[in-house]
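Input: a single structure, listed below in structure tokens.
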Amino acid sequence: MAYKLRNKADVPNVVIAVSKDDHCLVSLLTKWKSGVLPINIVAVISNHQACQSLADWHGVPFHHLPVTAETKAAQEAQIIALMKQTDADLLVLARYMQILSDNLCQQLAGRAINIHHSFLPSFKGARPYHQAHARGVKVIGATAHYVTANLDEGPIIAQEVKPINHTFTIEQMVHMGHDLEATALSHAVRVHAEQRVCLNGDKTVILA
């Protein structure tokens, strides 16, 4: 058995990646500032500039890293360079709507957490709320998991669900889902930072 001891005050440095939706970023920044999350947010990166004012307001350096299919490798190299520069231990994908390359997934194995707006393993990939609505589900959910090269199939850390019924529109499901996503992601980041997540193959064990 391998083990590691650390000072409780020695919290991990975290880089957050986001695209346009800011609800998960808001939750992480708020909980960090209030001392609920035992982390140190050292940077926010984004392929858009929609969340820059939010990062600026919290005093967190914002890095605009636009990406296209042609520039993906170079952009991901910038992400790795920034994590090394800030001595970051964890990359949090807070509704970062880009698929990481296999190479980046391998470099960040066990050190990158994603939030997927579905109760995995159901409704992987894009537009999961639309998929769920089409199937007439009775619960919707969100799943925080470690990032792997297999899209939305990494080891699950935390999940949140809420019951719905046939009267809910897709828009209502999306709005309700935002709260689930923010809660699940914040919880996953917290237990990871507290070193309570044990990876066991494709599964995790969360220590009490």
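The values are calculated or read from the model by the stated rules, or taken from the named source; none is laboratory data. No experiment lies behind these values; they were computed from the predicted model shown. Using ideal geometry, Cβ is built from the backbone for each residue, glycine included, and neighbour counts are taken over all protein chains shown.
Is it the case, given these coordinates, that D102 is loosely packed, with under 15 Cβ neighbours inside 10 Å and of a type outside the set (S, T, Y)? Before you say what the answer is, go through the steps one by one.
Values: loosely packed, with under 15 Cβ neighbours inside 10 Å: yes; of a type outside the set (S, T, Y): yes.
Yes: the conditions hold for D102.
Filter the range 105-133 down to residues that are in contact (Cβ under 8 Å) with a residue 24 or more places away in the chain and charged (D, E, K, R), then give me how many there are. Quick ask: steps written out before the conclusion?
First, the residues of the range 105-133 that are in contact (Cβ under 8 Å) with a residue 24 or more places away in the chain: 105-110, 112-121, 124-125, 129-130, 132-133.
Subset that is charged (D, E, K, R): 124.
Counting residues in the range 105-133 that are in contact (Cβ under 8 Å) with a residue 24 or more places away in the chain and charged (D, E, K, R) gives 1.
List the strands (runs of 3 or more DSSP E) inside the range 26-102, counting only whole elements, that have at least 1 residues being of a type in the set (V, I, T), over 27 Å from S118 (Cα atoms) and touching a residue at least 60 places away in the same chain (Cβ under 8 Å). Explain how you work it out, then say what you get.
Values: elements: 40-46, 62-64, 90-93.
By residue number, no strands (runs of 3 or more DSSP E) qualify.
Tell me which residues, restricted to the range 12-25, are out of contact with any Ser or Thr (no Cβ under 7 Å at 6 or more places or on another chain), under 20 Å from M176 (Cα atoms) and not in a helix (DSSP H, G or I).
Hits for the range 12-25 are K20, D21, D22.
Just to be sure I understand, how many residues within the range 105-134 are crowded, with 23+ Cβ neighbours inside 10 Å, under 13 Å from G154 (Cα atoms) and of a type outside the set (A, V, I, L, M, F, W, C)?
Residues flagged as crowded, with 23+ Cβ neighbours inside 10 Å, under 13 Å from G154 (Cα atoms) and of a type outside the set (A, V, I, L, M, F, W, C) within the range 105-134 amount to 2.
From the set of residues in the range 115-142 that are within 15 Å of I170 (Cα to Cα) and assigned to a loop (DSSP other than H, G, I, E, B), which is nearest to the chain's Cα centre (by Cα)?
H117
Looking at the range 192-208, which of its residues are crowded, with 18+ Cβ neighbours inside 10 Å and either of a type in the set (A, V, I, L, M) or more than 24 Å from I16 (Cβ to Cβ) (or both)? Let's see the steps before the verdict.
Step one: list which residues in the range 192-208 are crowded, with 18+ Cβ neighbours inside 10 Å, which gives 192-193, 197, 204.
Passing the criteria: A193, V197.
Among the residues of the range 71-78, are any at pLDDT 95 or above and in contact with a strand residue (DSSP E or B) (Cβ under 9 Å, 6 or more places away or on another chain)?
Just the residues of the range 71-78 that are at pLDDT 95 or above, to begin with: 71-78.
With the extra rule that they be in contact with a strand residue (DSSP E or B) (Cβ under 9 Å, 6 or more places away or on another chain), the set shrinks to 78.
Looking for residues that are at pLDDT 95 or above and in contact with a strand residue (DSSP E or B) (Cβ under 9 Å, 6 or more places away or on another chain), one finds at least one in the range 71-78, hence yes.
Select from the range 144-180 the residues that are of a type in the set (S, T, Y) and either in contact with a Lys or Arg (Cβ under 7 Å, 6 or more places away or on another chain) or assigned to a loop (DSSP other than H, G, I, E, B) (or both) and list them in ascending order.
Taking the range 144-180 as the starting set, the residues that turn out to be of a type in the set (S, T, Y) are 146, 148, 167, 169.
Within the range 144-180, T148, T167, T169 qualify.
Return yes when V137 is more than 25 Å from V15 (Cα to Cα) and touching a Phe, Trp or Tyr at 6+ places or on another chain (Cβ under 7 Å) and no when it is not. Steps first, please.
Working: more than 25 Å from V15 (Cα to Cα): yes; touching a Phe, Trp or Tyr at 6+ places or on another chain (Cβ under 7 Å): no.
In short, no.
Please name all residue pairs, on different chains or six or more residues apart, with Cβ atoms under 6 Å, provided the first residue is in the range 155-182 and is without any contact (Cβ under 8 Å) to a residue 24 or more places away in the chain and the second residue is among the basic types (K, R) and buried (at least 18 other Cβ atoms within 10 Å of the Cβ).
Close Cβ pairs (under 6 Å, with a partner that is among the basic types (K, R) and buried (at least 18 other Cβ atoms within 10 Å of the Cβ)) do not exist here.
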